[in-house]
1. Just from its helices, what would the mean residue ellipticity at 222 nm be for the chain, if runs of 4 or more DSSP H residues each count -39500 (n - 2.57) and the sum is divided by every residue, rounded to the nearest 500 deg cm²/dmol?
2. Sorted from largest down, give the three principal axis spans of the alpha carbons of region 54-98, whole angstrom values.
3. What's the angle, to the nearest 10 degrees (0 to 90), between helix 52-66's Cα axis and the longest principal axis of the chain?
4. Kindly give the semi-axes, whole Å and largest first, of the ellipsoid equivalent to region 319-378, taking each as the square root of 5 times a Cα gyration tensor eigenvalue.
5. Could you tell me which GluC sites (Glu not before Pro) in region 276-378 are loop residues by DSSP with no more than 16 other beta carbons within 10 angstrom of their beta carbon?
6. Along region 18-34, what does the Karplus equation 6.51 cos²θ - 1.76 cosθ + 1.60 (θ = phi - 60°) give for ³J(HN,Hα), rounded to whole Hz, x for Gly and Pro?
7. Taking 10 °C and 1.306 mPa s as the conditions, I'd like the Stokes-Einstein D for region 194-249 in µm²/s, using the Kirkwood hydrodynamic radius from alpha carbon pairs.
8. Multiply the residue separation of Val182 and Met88 by 0.36 nm, subtract the distance between their alpha-carbon atoms, and state the gained length in nm to one decimal.
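Here, each number is a calculation from the coordinates, and none is a lab measurement. Worth saying up front: this structure is predicted, and the values here are computed from it rather than measured. Note that each Cβ is placed from the backbone with ideal geometry, even for glycine, and that neighbours are counted across all protein chains shown.
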Amino acid sequence: MRIREIRAAGLHGATPAGGWTHELKPNDTVHTLVAVHTDEGLVGIGSVFTSGLLVAASLQLLNDLLIGENPLEVDRVTEKLHQNTFWMGRGGAVTHTISGINIALWDIAGQAYGQPVSTLLGGRYREKVTPYASVLMDDPENLSRTLARLTDDGFQAFKIGWGRFGRNGASVDEATVAAARVAVGPDALLAVDAGGSDAYWPHGYKWAINTAAMLANYDIAWFEEALAPDNLRGFVELRGQSRVPISGGETLTRRQAFAPFLDAGAFDIIQPDVTKNGGLSESMAIGRSAEDQGIKLVPHGWNTAVGLAADLHTAAALPQTDLVEYCTGAAYIDELVDGGWHRDQNGQLTIPSGPGLGLEWDHDAVARYTGGVELFAL
C-alpha cells in the first residue's frame, strides 16, 4: 500500500468564539481537515488546528516527502516529515499540518489491520471516558444558566475559561468562579482556564499565585494557562506554591518542546493538542514521559470531531488519562460525525471500537463546512 494523494479543506461557517482578545468570526478558518488517500482505496482523516491556507502551503513542502510512502509505517513516515522541515516551519503551521497527517496515517493503519487506533497505540485501559464541558467565561448570571443547563444534560465535569477572566479585577473573577461552583454543585469537577496564551497576556506570577489561592477555596480541579506559555520558571514556582494543580502546554509542539516543562516540574497536568503537537504519535510519547514523572495528560480539545476521536483513543491507551475536553455546541465536533456523540447515564463517552478512528462521517455536514470540497471520494 502506498500514499497516492493528500487533500485538505478548511472548516468555515460555524467557527465558535474562542474567547480571544481578537475574537473569531463564524467564517474564520482555524481548523482544517486532511485526507490521506492510498492506492488501495483506504482514506485516513486528520485534523489541523491551523487555517486552510497555511495547511495548503505546508502541503506544498510535504507532498513530495509523502507520495509513494507506506502509510502503515506511521512513525517512520511522520518522523521523515519532521526531520526534513527543521528549517521551514518547525513548531508552527508545518508541524501542525504534520499532526493532521499523523492522525490520518493512524486512521489508515487501523482500517488496514481491522483494529481501533487505541489498540495499535498499545492497548485499551478503558472503554469509556469522562468528557468535561468546556465553556467560555461570561457574567455570573449567564454562566450559571449555561452550566445549569449542561448539568441537567448529564455533564459531571466542567471547565470555565478565557473571556473576562483576569481582565476585570479579582472581585469579578471570584464572583464568576463562585457562581460556577454553585451552578454545578459541590461534587462536580470544575476547572478554570485563565487563557494565558491570549495576545499580550498581562499577568505574571504574583497574580497567578493570588488567583490560585482564591481558586483553592472553591475546590478547583486545576488552574490552566495561568501564565504566558513560555514562562517556564514562573510555572515551576507557581506549581510549587499553589494548592490547586497547575496545567498547561496546549501551545507546545512535539515531545522535545514538552521535555523542559516536564523535567522542570512545571505542571501537574500536561495538555497537548493532538491537532497541532505533532499528532497521536507525539501525544503518546508526551503522555508516557509525563506519567513516568507523576504528571497526568489531559488532552486539549478545542478543535473538531477528528480531534475528539484522537483524544478518546489517547485516553484509551494511557493509564492515567481519564478525561477529555468537549467543546459543547460546536458544529465541527457535533455535526461532522454521523449520528453525533452520545453520553451514557453517567455522562461518559464510549471510546470508538471500530477500525481506525472508528467513526462514520456525515458527508453532507463535511461538505457544508468545507464549501463542498471532496475529501473522501477516490
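1. Computed ellipticity for the chain at 222 nm equals -12000 deg cm²/dmol.
2. 25, 16, 14
3. 40 degrees
4. Whole-Å semi-axes of the equivalent ellipsoid: 25, 14, 10.
5. Sites meeting the loop and neighbour criteria: Glu360, Glu374.
6. Result, ordered by residue: x, x, 6, 4, 9, 6, 6, 10, x, 8, 5, 10, 10, 10, 10, 8, 10 Hz.
7. Working: Rh = 11.0 Å.
The estimated diffusion coefficient comes to 145 µm²/s.
8. 28.9 nm
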